[in-house]
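The values are calculated or read from the model by the stated rules, or taken from the named source; none is laboratory data. All values reported here derive from a predicted model rather than from experimental measurement. All Cβ positions, glycine included, derive from the backbone under ideal geometry; neighbour counts span all protein chains shown.
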Amino acid sequence: MFNIIKQIIQWLGPYKKRLYVGFLFSFLQSVCIALPIVIAVKGLQLMLDDYYGLKTLELQTIWLLLFSLILAVFGRFIFSYLKAMYQESIGYEITADHRIKMGHTLKRVPLGFFHKHRIGDINSAVTTDLSFFEMMGIKMIDVVVNGYMMTFTIILFLLFSYPKLAAIPMFGVVGSYIFLILLQRQSRKNASSHQQSQHELASATLEYLRGMAVIKNFNQEGIASRNIQEAFRNSKQINMNIQKGFGAFNVGHRIVLKLSSLLLVLAAAYLVMNGQMELADMLLITLFSFVIFDSIEPISDAVHVLETISPILHKLNSIENTPYIDEKGKDIHLQQTNIRFDHVFFAYDKRPIIQDVSFTVKEGTTTAIVGPSGSGKTTLCNLIARFYDVNNGTICIDDININSMKLNNLLSSISMVFQKVYLFNDTIYNNILFGNPNASKNEVMEAAKKAQCHEFITSLEKGYDTTLSDGGSSLSGGEKQRISIARAMLKNAPIIILDEATASLDPENEALIQAALDKLIQGKTSIIIAHRLLTVQNADQIIVLDDGKIVQNGTHQTLIKEKGVYRNFIDIRQAAENWKLTT
């Protein structure tokens, strides 16, 4: 339990000092809680002494006791407020810092990281797990540390006033702690399964929602919902098992504390009966017995929460400490854009994708990459942008190994238009501006015009201020593609990578977009993945991939004369593009 608290405190980093100051205010708050009881009993003793004529109760003493009582009550609330100010906001601040840190980390990890970790798990870590820590992390420290602090403050008072009686609550604390250790072990067994059930719940929900269109299309709501229903059932069953496992230890913890309180009162009564303690002191002990363990009874609930937080911290640390893909990169700015592949090998896990690929793209030229589906075309472009690192060989730009560069320096020189377009849940204007946040409104609109999307944007009710739904699902595929092209145009990077950039466009707009792309790549180093003859035939060189290897390399004029993959590819494309209905 305290080891987990230590982990949490270490995770707080620069906020630890505020936490320690909060502990000080918590101690002072505990003193102020105990003082009114002491003052009230002291006043009662003075009243009894005055009643029996043993000692006169002076008005000055009454005012002093009243002032002390008011001061203690105000002190309790003041120190409670100060503790809250210093401690309770830490959870919100530290989670905000770690969300930003994780965002920076996820930007700089290899894309392979997202293949090894399910999106649902990552989403759960950034949202659910951090939110759980945000709401419960500091609160559990408060329950445990400040709870024991309150109890030990009262025990400390008993130790100075009635040393023999102080041993009773001490044994009560030790006895309850034994049950808490047993409860903690039980919780540790359940914590990982509980967290796993929550992650499976998040993943199943995301999968169900993302596949809703397919589910409705095939009318398979029942089959598709099996996973999510199973996840719900598992979560329910695990939570029920957890509660059943806690019962005995939780009851044992509370019984020990209640018996200790009762024993404390009985011991005080025995001392009074034997003339070893005043009646007023017994009243003080009795009042203390009601509150002495109030602050540590809830710790049994905190134990499970802390055991749940422990794997969360481990998971969050593993994500935050994932090595950056450019961890050893230097701040290098490219002067030229010649690209050279030198005996490059790459595999997803153990499945070879790129095998001994070598070629050069000269600055200012256009290279088209063609080949069958699964031949490694997109992977080749992803390697240039260093979404993944090669297993063997080197990729150089301007004779600089891209592995030696900071990722920001590399990507600032590259604009990519993907086949699968993703637009953010933001305005169309901001989605285009994403390519260059410093661009003016006129530059954004000019890029939209070149990409042939200005007309359909202005036809919308809110124009450029239209907010898109997640992923841009409120637009057609061609509209999304044109916005992504406008975004790339606005970035105006010296290296252009187009991955089937015209794949989603209708024939009427394809020629216009192709003309816009020709302007985009003019004078720049361009790599184009395409299947259409119109796109590839004017390239300075065409690289033909098959099964991850370069099988042909040349211009359209030379390759069309050779027997091989390229000529077969062109023949198939022409047959597909020239098909017609017959009667």
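Criterion first (under 28 Å from the mean Cα position of the chain (by Cα), basic (Lys, Arg) and in a helix (DSSP H, G or I)) does Lys315 satisfy it?
The answer is yes for Lys315.
Taking only segment 40-77 into account, find how many residues are without any contact (Cβ under 8 Å) to a residue 40 or more places away in the chain, of a type in the set (Val, Ile, Thr) and under 27 Å from Thr153 (Cβ atoms).
Matching residues across segment 40-77 total 3.
Just checking, how many residues over segment 28-74 are of a type in the set (Gly, Ala, Ser) and either farther than 22 Å from Val291 by Cα or exposed (fewer than 15 other Cβ atoms within 10 Å of the Cβ) (or both)?
Summing the residues that are of a type in the set (Gly, Ala, Ser) and either farther than 22 Å from Val291 by Cα or exposed (fewer than 15 other Cβ atoms within 10 Å of the Cβ) (or both) in segment 28-74 gives 1.
Go over the candidates Ile319, Ile285, Ile292 one by one and state the one that is within 24 Å of Phe249 (Cβ to Cβ) and touching a residue at least 24 places away in the same chain (Cβ under 8 Å).
Being within 24 Å of Phe249 (Cβ to Cβ) and touching a residue at least 24 places away in the same chain (Cβ under 8 Å) holds for just one of Ile319, Ile285, Ile292, which is Ile292.
Condition test on Gly172, is it buried (at least 21 other Cβ atoms within 10 Å of the Cβ), assigned by TED's automatic domain parsing to the domain that holds Leu262 and part of a helix (DSSP H, G or I)? Break it down into steps so the answer makes sense when it comes.
Numbers: buried (at least 21 other Cβ atoms within 10 Å of the Cβ): yes; assigned by TED's automatic domain parsing to the domain that holds Leu262: yes; part of a helix (DSSP H, G or I): yes.
Yes; evaluated as a whole, the condition is true for this residue.
Being more than 18 Å from Ile33 (Cβ to Cβ), part of a helix (DSSP H, G or I) and either of a type in the set (A, V, I, L, M, F, W, C) or in contact (Cβ under 8 Å) with a residue 60 or more places away in the chain (or both) is the filter here; which residues of segment 156-165 pass it?
First pass over segment 156-165, keeping only residues more than 18 Å from Ile33 (Cβ to Cβ): 162-165.
In the following step, the residues that additionally are part of a helix (DSSP H, G or I) were identified as 163-165.
Lys164, Leu165 - these are the residues of segment 156-165 that are more than 18 Å from Ile33 (Cβ to Cβ), part of a helix (DSSP H, G or I) and either of a type in the set (A, V, I, L, M, F, W, C) or in contact (Cβ under 8 Å) with a residue 60 or more places away in the chain (or both).
Can you name every residue in segment 447-478 that is part of a loop (DSSP other than H, G, I, E, B) and free of Cβ contacts under 8 Å to residues at least 60 places away in the same chain? Show your work before the answer.
Of the residues in segment 447-478, the ones part of a loop (DSSP other than H, G, I, E, B) are 451-453, 459-462, 466, 468-469, 473-476.
Across segment 447-478, the qualifying residues are Cys453, Ser459, Leu460, Glu461, Lys462, Thr466, Leu468, Ser469, Ser473, Ser474, Leu475, Ser476.
Just to be sure before I move on: is Ala280 more than 18 Å from Leu180 (Cβ to Cβ), modelled with pLDDT under 80, more than 43 Å from the chain's Cα centre (by Cα) and among the hydrophobic types (A, V, I, L, M, F, W, C) in the structure I sent?
yes
Output the residues belonging to segment 530-583 that are of a type in the set (S, T, N, Q) and modelled with pLDDT of 75 or more.
Matches in segment 530-583: Gln537, Asn538, Gln541, Gln552, Asn553, Thr555, Gln557, Thr558, Asn568.
Report whether or not Leu19 is over 28 Å from Ile299 (Cβ atoms), in a helix (DSSP H, G or I), out of contact with any Pro (no Cβ under 8 Å at 6 or more places or on another chain) and among the hydrophobic types (A, V, I, L, M, F, W, C).
Working: over 28 Å from Ile299 (Cβ atoms): no; in a helix (DSSP H, G or I): yes; out of contact with any Pro (no Cβ under 8 Å at 6 or more places or on another chain): yes; among the hydrophobic types (A, V, I, L, M, F, W, C): yes.
Considered against the rule, which asks whether it is over 28 Å from Ile299 (Cβ atoms), in a helix (DSSP H, G or I), out of contact with any Pro (no Cβ under 8 Å at 6 or more places or on another chain) and among the hydrophobic types (A, V, I, L, M, F, W, C), Leu19 comes out as no.
All but one of (1) loosely packed, with under 14 Cβ neighbours inside 10 Å; (2) at pLDDT 80 or above; (3) among the charged types (D, E, K, R) hold for Lys244; state the number of the condition that does not hold.
Unmet for Lys244, out of (1) loosely packed, with under 14 Cβ neighbours inside 10 Å; (2) at pLDDT 80 or above; (3) among the charged types (D, E, K, R): (2).
Please go through segment 75-98 and give me each residue that is of a type outside the set (S, T, N, Q), under 26 Å from Gln10 (Cβ atoms) and surrounded by fewer than 17 Cβ atoms within 10 Å (Cβ to Cβ), ordered by number.
Listed by number, the residues that qualify are Ala84, Met85, Glu88, Tyr92, Glu93, Ala96, Asp97.
In the set Glu510, Glu500, which member is at pLDDT below 85, closer than 30 Å to Leu334 by Cα, out of contact with any helix residue (DSSP H, G or I) (no Cβ under 7 Å at 6 or more places or on another chain) and surrounded by 13 or more Cβ atoms within 10 Å (Cβ to Cβ)?
Result: Glu500 is the single residue among Glu510, Glu500 that is at pLDDT below 85, closer than 30 Å to Leu334 by Cα, out of contact with any helix residue (DSSP H, G or I) (no Cβ under 7 Å at 6 or more places or on another chain) and surrounded by 13 or more Cβ atoms within 10 Å (Cβ to Cβ).
Condition (residue is surrounded by fewer than 18 Cβ atoms within 10 Å (Cβ to Cβ) and either β-branched (Val, Ile, Thr) or closer than 28 Å to Thr337 by Cα (or both)) applied to segment 467-482: is it met by at least one residue?
Going through segment 467-482, the residues surrounded by fewer than 18 Cβ atoms within 10 Å (Cβ to Cβ) turn out to be 467, 469-471, 473-474, 476-477.
Filter again for either β-branched (Val, Ile, Thr) or closer than 28 Å to Thr337 by Cα (or both), leaving 467.
Yes, segment 467-482 contains at least one residue that is surrounded by fewer than 18 Cβ atoms within 10 Å (Cβ to Cβ) and either β-branched (Val, Ile, Thr) or closer than 28 Å to Thr337 by Cα (or both).
Tally up the residues in segment 392-433 that are under 11 Å from Leu334 (Cβ atoms), part of a loop (DSSP other than H, G, I, E, B) and touching a helix residue (DSSP H, G or I) at 6+ places or on another chain (Cβ under 7 Å), please.
Residues that pass the stated criteria total 0.
Which residues, counting only those in segment 318-336, are surrounded by fewer than 17 Cβ atoms within 10 Å (Cβ to Cβ) and in a helix (DSSP H, G or I)?
Answer for segment 318-336, where residues must be surrounded by fewer than 17 Cβ atoms within 10 Å (Cβ to Cβ) and in a helix (DSSP H, G or I): Ser318, Glu320.
If the requirement is being within 33 Å of the chain's Cα centre (by Cα) and in a helix (DSSP H, G or I), which of these qualifies: Ser289, Ser300?
Ser300
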